[in-house]
Amino acid sequence: MKILQIRFKNLNSLVGEWNIDLTDPSYVSDGIFAITGPTGAGKSTILDAICLALYGRTPRLNKITKSENEIMSRQTGACFAEVTFQTRAGHYRCHWSQRRAREKPDGQLQQPKQELANADSGVVLQSKIKGVAEQIEDITGMDFERFTRSMLLAQGDFAAFMLATADERAPILEQITGTEIYSEISILVHERQREEQSKLNILKAKATGTVILELEQEQEIRKELEIKQKEERELIKSFGEAELAIKWLKVINSIKEEIDRLSQAEESLHKEINAFEFERDKLNRANKAAALDGQYATLEASRKQHSDDQEELKIALAALPELILKANQQAEKLKIAEQQTIKAKTALQTEAPLIRKVRALDLKMDE
């Protein structure tokens, strides 16, 4: 089995869509490459994407359902993983995806989808999750457990593969290397095992003075770690809720401003309608007086304009205190929202060292 291309979107810390084409000349010419980066950069996420596309689960996240998905990036509405690979039987493309309702970050999780297709023709071979897993096993000869013990070893699982019995390793190695060279590899592995066993014996002799934690001490540390992890999840949840509340508050303020504007427009329209009755009567009288001297008509027009200006000025002066009061209320609400945001950010910064300690403890426990 040979991985040709990896595509994924919104998995763990890698937000957005990503594409790794292993058929690119820069990969093919070098022949071997490594995934490097600091903690949290997304190295394991690339390996998670491969497992997720092929088997719908990962070594770190055993099961993804309609009610739980811890691998989807936060504040996103959809994610997917796709792997194009080659075996002796041909080229295949396996795609896994899950989304939230309307692809909104706060939408309800939908049922995951998975399909297996021929990469050359595009014909879908299987679209049921269980059927895809069975067909992947038929094509590659490896189920999830074999795949994660041979092709892709999760952190801490390499020792489990090396310590497996010969009967357990033999079928896996035959799938990876081919039967014709298995005997040669077996001889080399046996010699290497003998050398490493000798080194291990020496290390065991040196490690006789190593202090092992008591069971009670280990349990106490584990309990403390669980408490810290729970606190971390609660803080992250609180921060997300605060951000959502701020967004809703801004939307509510915008709606209130629009309502005030429409109310003022409605009131002005009613005044114009009421005033029109008087103006219509005045217009009828003006039509009757149209035959009079033109200078009189000009004088009446000037008087009308002056009266209208005075009325508009009066309306504006009457509405001014209310507008000032509403502006002050909105400013006060904005100030409160900003203070809440500052408190939330301060709380997050305060807990940042604790989060880093928890992650350090995670690494220490894995070691």
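The values are calculated or read from the model by the stated rules, or taken from the named source; none is laboratory data. These numbers were taken from a predicted model, which means no experiment stands behind them. In this analysis, Cβ positions are derived from the backbone assuming ideal geometry, glycine residues included, and neighbour counts consider all displayed protein chains. For accessibility, only protein heavy atoms count, side chains too; no ligands or nucleic acids. Shrake-Rupley method; radii C 1.70, N 1.55, O 1.52, S 1.80 Å.
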Within the chain: Cβ-based charge dipole about Cα centre, in debye rounded to nearest 20 (Lys, Arg +1; Asp, Glu -1):
280
Computed over the Cα atoms of region 209-367, the Rg and Dmax in Å are 34.6, 123
With just the Cα atoms of the chain, tell me how far they stretch along each of the three principal axes, in Å, largest first.
124, 57, 37
Rg/Rg_ref, region 246-329, where Rg_ref = 2.2 N^0.38 Å and atoms are Cα:
1.66
The helix 129-140 Cα axis meets the longest alpha-carbon principal axis of the chain at an angle in degrees, between 0 and 90 and rounded to 10, of 40
Exceeding 28 Å between C-alpha atoms, which entries from my cross-link table qualify? They are Lys9/Lys66; Lys2/Lys364; Lys63/Lys345; Lys247/Lys326; Lys230/Lys335.
Lys2/Lys364; Lys63/Lys345; Lys230/Lys335
For region 65-138, Kirkwood radius (reciprocal of mean inverse C-alpha pair distance, Å):
13.3
Output wanted: per-residue J couplings in Hz (rounded whole) for region 346-363, from phi through Karplus 6.51 cos²θ - 1.76 cosθ + 1.60, θ = phi - 60°, x for Gly and Pro.
5, 5, 5, 5, 5, 8, 4, x, 5, 4, 5, 5, 5, 5, 5, 5, 4, 4
Give the cross-link partners of Lys237 among the aspartates and glutamates, using a straight C-alpha distance below 18 Å as the criterion and excluding same-chain residues fewer than 8 apart.
Glu68, Glu70, Asp106, Glu226, Glu351
When N is the residue count of region 1-147, what does its C-alpha Rg come to as a fraction of 2.2 N^0.38 Å?
1.04
If you take the beta carbon distance between Thr39 and Leu200 as r and set R0 to 30 Å, what does 1/(1 + (r/R0)^6) give as a FRET efficiency, to the nearest 0.05?
0.55
To the nearest 10 degrees, the tilt of helix 43-55 (Cα long axis) against the first principal axis of the alpha carbons of the chain is 80
Hey, any idea what the orientation-averaged projected area of the convex hull of region 298-367's Cα atoms comes to, in nm²?
8.2
May I ask for the longest run of the chain untouched by trypsin sites (Lys or Arg not before Pro) that are loop-located per DSSP and have at most 10 neighbouring C-beta atoms (other than their own) within 10 Å?
89-367
What residues have an amide H closer than 5 Å to that of Met72, excluding those fewer than 5 places away on the same chain, when H is modeled at 1.01 Å from N in the peptide plane?
Asn12
What do you get for the angle between helix 182-206 and the principal long axis of the chain? Use alpha-carbon atoms, 0 to 90 degrees, nearest ten.
90
Before I look further, what does the chain give for accessible area per residue, probe 1.4 Å, in whole square angstrom?
72
Show which aspartates and glutamates lie in cross-link reach of Lys256 when reach means a straight Cα distance below 16 angstrom and same-chain residues fewer than eight apart are skipped.
Glu266, Glu322, Glu332
Could you look at the chain and say what percent of its accessible area is carbon and sulfur, using a 1.4 Å probe and all protein chains?
55
With a 1.4 Å probe and every protein chain left in place, tell me how much accessible area Tyr27 has, in Å² to the nearest 10.
80
Quick one: which residues, 5+ away or cross-chain, put their amide H under 5 Å from the amide H of Gln126? H built at 1.01 Å from N.
Leu116
